[in-house]
Amino acid sequence: MAQVEIRRISKTFVGHTAVSDIDLVVNDGEFLVLLGPSGCGKSTLLRMIAGLELPTLGDIVIGGKVATRLQPKDRNVAMVFQNYALYPHLTIYDNIAFPLRVQRVEKSKIDQKVRWAANLVGIESLLKRKPRQTSGGERQRTALARSLVRDPQLFLLDEPLSNLDAKLRHSSREELRRFQDRVGVTSIYVTHDQVEAMGLGDRIVVMKAGKVRQVGTPKEIYGYPADTFVATFIGSPPMNLVETGPVTVGFRPELFLPRASFEPGAELMEAPLRIRRIEYLGGDRLIYGTVSSSLPETEVISRIPSSIPFDGAEGEEVAFAVLTEEVRRFDSETGLAITAPNTLVRRAGHV
Amino acid sequence: MSDARTVQPGDRTLAYLTLVPSAALLILLSAVPTVTVFATAMQDVGLGALSGPWVGFENFIWALNNGAFWTALWNTFVWVFGSVAVEMVLGLGIALLLHQSFAMRGIARAILLAPYLVPTIVAVLVWRYMFHDIVGILNFFLMDIGVIDRPLQWLSSTSWAMVSVIIVGVWKFFPFVVLALLGILQSIPQEQYEAAKIDGASAFQQFWRITLPYVMPVFILTALLRTIWTFHKFEIIYLLTGGGPLDATTTLPILVYQKGFVDFELGRAAAIAILTFVILAALIAVYFLLMRRAESKQ
Amino acid sequence: MTVTTDTHIPARAEPRRHRQIDDVHYLANRVMIYLLALTAVTVVGFPLFWMVISSFKPGSELYVSPPTFLPNEWTLNNYRDLFVQTNFPVYFMNSLFVAGTSTALSLVIGGIGAYSLSRFNFFGIGSFARVALICYMLPEVLIVLPLYIYVIQLGLADTLIALIIANTAFTLPLALWFMRSYYNAIPMSLEESAMVDGCTRLGAMLRVTVPLAVPGLVSVGVFSFNHAWNEFLFALVFTSSESKKVLPLGLATWIGQDNIYSWGMLLAGAVLITLPVMAFYLLVQKKLVVGLSEGGAKGE
């Protein structure tokens, strides 16, 4: 177990800066997610922590020890790669045993450890197979088992779920998190999928263009986005943004509901919505339309759960509203949030 | 990120250490000799000696004024273009045939490609036996079916020697063309033919409009590669005819060998070798140019 | 465009069977293919067939006109004579030694060199690969003159070492070039994973990359062996004594000496030179196929 400190790290490749001046502390035992669109530098940051890339500037401290220039093998970290990087010429057993063999652990100990790890991820029956004889999910578990056997002080995961199909991804996500809770190792997880990030992370680091845009718990990130990029990157459909002069207001689609569904007397921001299209999704409905009058005319989306009655039709204009306390305010110029994100999180009673 | 090349402390040392043996061998046995051969070509090397007084370009002038050089150059062109033309046509035909599916195709393929694996000395021995004036099966067979009425002197007449040498060369090396073209033929997406069929293209049109254009870049590169290799082929001619009868099959490499190791005139031999290399270098340059263009198109 | 004109198909009759062979064009096409294939195989395969058959004929039958097709009398005398009366065994061992050693050398030197060509890209490494390819195109007759001078000056004339070095240098560019592209196809993440798992760069290369490159190394090995086994010009120029001759040179000197070395012996010798090449190829072909299917799983 270890704390990881990233001290003013930058990485410049020929012609472009992949990571610029990042400061970050990963707490002992924490599950930290690096989230951002592709090319934002999150993988490069992870590879620098692993020792696969040398930072151009700054230092990396793992478990109180400066590790910046250490070889990967001397860092005692484990990494699960996007394509799992299983060694195709070795059986599943030998794949899992690999890190121990490299360290010249004695044979009986290796066997014991391999079986323990395989058991933990539920692949005891596959040990004799070669990687190509296993399914995507099994490969992912093998990669996990391989990263486990060595009792690493730090787990690094580079989009380990992105090669799985949607259904498997969902169940693997849950497994992964349960597993981390049990082992309790500090983990850094890279993904571009915000659902994965929200579901897995103790804290999320949102990155863009080599810079950190916001660090916080999933609730903080979702409820109090630090800028308009985070606001639209997190949440599906994204937060509605309406520019009103120097201030841009933002509100989540699931909080922007028909006026009638609020209790009388609630403090509201109201706006009529001209409905362009209704998408029925089973659990809820997406209403696409345009707000006007009290707000400048802007395209917005509302998500109405099926528990709330709604009978508006396409082409109609219906009164919509959002609780004033749920409205976020951003500087139109810089995109930065005006409300301080450390306000106590309160949720609307009816959702 | 997958192709990001990581550079860690120690990588440079590893790279240099692993490349030193290769570099040393290539420099000592390719680069340095190339320089040496130029030096030798500028010297008047006496009979049996390894070096001699500097004479500038005298050896080159001698070569260019020598009938033997021009005969050898002509012979080389006949040998190269005769062989490569037949190899390419035959190779394309056999490749198209092997691209069809038929029973026992695997065996047919193995037999048709076998000559390429056979050592040159073996090819030479068996063909010499078949070409034999008296006991050779070739003469017997051709007389039997009435193509000729008396035995041909395949290797020992000035009119037939080059033809014979080309026959053996083609037999030995056309499988290379087959291999190269079969590879590209098998990579043509089947949908292209299906679409063409639906569009009403005949078998010939399919060949002309889909197969041929697809194969053409590889066809040209293969032809050029075969030209370069055939150009400096030595042992197949040396072992079949030794360059004779008279100088009917003396190509440039054979002439270099004769000057250098039969007449022991290393300086003149080097001059001819360099002239040979200059022609070859032009072909190699074209090859690299075409290859680069093909690569950039992809 | 075959449109059925039979409009009287009963609604619930037995379904009609359609066979491609009923189509005249299809049939003619198939016959053509088989005829062509048969002709090609006969013409191309005949010399080899003739070589094998004739090597089993007794001396008397080899010189009759018209020749007999199959031997009237099968005999192994030609093979026996080859070993009893000639230096064939010496040539064979020399060839094996030269080809084996130069193959091993170009595999080791080329194998590790190509790794660096593939994985690193600093000062001059990219152009090094290109220079290697140009070296491969240099004609043997150009190189053989200066090499002859060196060989004499270094006192390596009439030794097998000279042949081994020359053969290695000649196959090395191809080994480098081919293995580089083979290593390029092996994902970097495998080595990175090994390094995170506790290997040094060298350890990752030896434990992960090299085992995965075995099919490529096998191909290079086959090529190098074949080249050295075949090589004639260097042998002709560098060696002269009977005890130092390799197979191609040895047999070449027999040509035209009908009174001492009969056609039977020559052809038997030819068969025996061909066998190792063919055996090697067949052996390796299987390995190559396995290697390819293994490589197909890479990256997943």
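Rule-based calculations on the coordinates, nothing more; no lab input. Here the structure is a predicted model, which means the values were calculated and not measured. Every residue, glycine as well, gets a Cβ built from its backbone with ideal geometry; the counts of neighbours run over all protein chains shown.
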- Between B:Ile220 and A:His16, how many nm apart are label points set 7 Å from Cα along the C-beta direction? 3.4
- Note on the structure: With R₀ set to 56 angstrom, the calculated FRET efficiency between the beta-carbons of A:Ser294 and A:Asp202, to the nearest 0.05, is 0.90
- Cut-off 14 Å, label 7 Å out along Cα→Cβ of A:Arg101, residues of the range A:127-145 by amide N: A:128-131
- Task: Calculate the dipole size of the protein assembly as shown relative to its Cα centre from +1 charges on Lys and Arg beta carbons and -1 charges on Asp and Glu beta carbons; express the result in debye to the nearest 20.
- Result: 1480
- Message: Please compute the modelled spin-label separation between A:Arg115 and B:Ala110, points set 7 Å along Cα→Cβ, answer in nm with one decimal.
- Response: 4.7
- Take the Cα atoms of the range C:33-102, find their three principal axes, and give me the spread along each one in whole Å, biggest first. 45, 36, 16
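With r as the distance between the Cβ atoms of C:Val108 and B:Ala103 and R0 = 35 Å, compute the FRET efficiency 1/(1 + (r/R0)^6) and round to 0.05. Walk me through the intermediate numbers first.
Details: r = 44 Å, r/R0 = 1.26.
Efficiency, from the Cβ-Cβ distance: 0.20.
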- So what does log10 I(q)/I(0) come out to for the range C:81-295 at q = 0.08, 0.09 Å⁻¹, using the Debye formula with one equal point on every Cα and no solvent? -0.36, -0.45
- Which cross-chain or sequence-distant (5 or more) residues have an amide H under 5 Å from the amide H of B:Trp160, H modelled 1.01 Å from N in plane? none
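Loop by DSSP (not H, G, I, E, B), at most 10 other beta-carbon atoms within 10 Å: where is the longest site-free stretch of chain A for trypsin sites (Lys or Arg not before Pro)? Can you show the working numbers first?
Working: sites that count: A:Arg104, A:Lys128, A:Arg346.
Formally, the longest exposed-site-free interval is A:129-345.
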- Task: Could you tell me the convex hull volume per residue, in Å³, taken over the Cα atoms of the protein assembly as shown?
- Result: 276
- Message: Just want to confirm a number: the relative contact order over chain A, from Cα pairs under 8 angstrom separated by 6+ residues, in percent.
- Response: 16
- Task: Return the sequence-ordered ³J(HN,Hα) values of the range B:251-257 in whole Hz as given by the Karplus equation 6.51 cos²θ - 1.76 cosθ + 1.60 applied to θ = phi - 60°, using x for Gly and Pro.
- Result: 8, 4, x, 5, 4, 4, 4
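Please compute the net charge surrounding A:Ile188, taking Lys and Arg as +1 and Asp and Glu as -1 over other residues with Cβ under 13 Å from its Cβ. Walk me through the numbers on the way to the answer.
On the way: positive: A:Lys42, A:Arg47, A:Arg75, A:Arg203; negative: A:Glu5, A:Asp28, A:Glu30, A:Asp158, A:Glu159, A:Asp202.
Neighbour charge sum, excluding A:Ile188 itself: -2.
Rounded if a/c is under 1.5, else prolate if a/b beats b/c, else oblate: with a ≥ b ≥ c from the C-alpha gyration tensor eigenvalues square-rooted, which is the range B:35-297? Could you put the intermediate results ahead of the total?
Working: a/c = 2.88, a/b = 1.48, b/c = 1.95.
Note, shape of the range B:35-297 comes out oblate.
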- Filter the cross-link list A:Lys107/A:Lys167; B:Lys233/C:Lys245; A:Lys65/A:Lys130 down to pairs whose alpha-carbon distance in this structure exceeds 27 Å. A:Lys107/A:Lys167; A:Lys65/A:Lys130
- Gap separating the Cα centres of the range A:188-228 and the range C:157-226, nearest whole Å: 45
- Query: Once the Cβ-Cβ distance between A:Arg329 and C:Asn121 is put in as r, and R0 is 56 Å, what FRET efficiency do you end up with, to the nearest 0.05?
  - Reply: 0.65
- What chymotrypsin sites (Phe, Trp or Tyr not before Pro) does the range C:91-136 have in DSSP loop regions with at most 15 other beta carbons within 10 Å? C:Phe122, C:Phe123
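Out of the DSSP beta bridges found with both residues in chain A, what percent are antiparallel (nearest 5)? Kindly include the intermediate steps, with their values, before the conclusion.
Working: 54 of 71 bridges.
Roughly 75 percent of the beta bridges in chain A run antiparallel, per DSSP.
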- Task: Work out, in µm²/s and without decimals, the Stokes-Einstein translational diffusion coefficient of the range A:166-301 at 4 °C, 1.567 mPa s, Rh from Kirkwood over C-alpha pairs.
- Result: 74
- May I have the pair-distance distribution P(r) for chain A, computed from all Cα-Cα distances with 10 Å bins from 0 and rounded to whole percent? 5, 22, 26, 21, 15, 9, 2, 0
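Which of the GluC sites (Glu not before Pro) found in the range A:290-339 are loop residues per DSSP with 12 or fewer other Cβ atoms within 10 Å of their Cβ?
Details: sites: A:Glu297, A:Glu299, A:Glu314, A:Glu316, A:Glu317, A:Glu325, A:Glu326, A:Glu333; in loops: A:Glu297, A:Glu314, A:Glu316, A:Glu333.
Taking the range A:290-339 and a limit of 12 other Cβ atoms within 10 Å, the loop GluC sites (Glu not before Pro) found are A:Glu297, A:Glu314, A:Glu316, A:Glu333.
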- For the range A:241-331, the Rg and Dmax computed from alpha carbons only, in angstrom: 12.6, 38
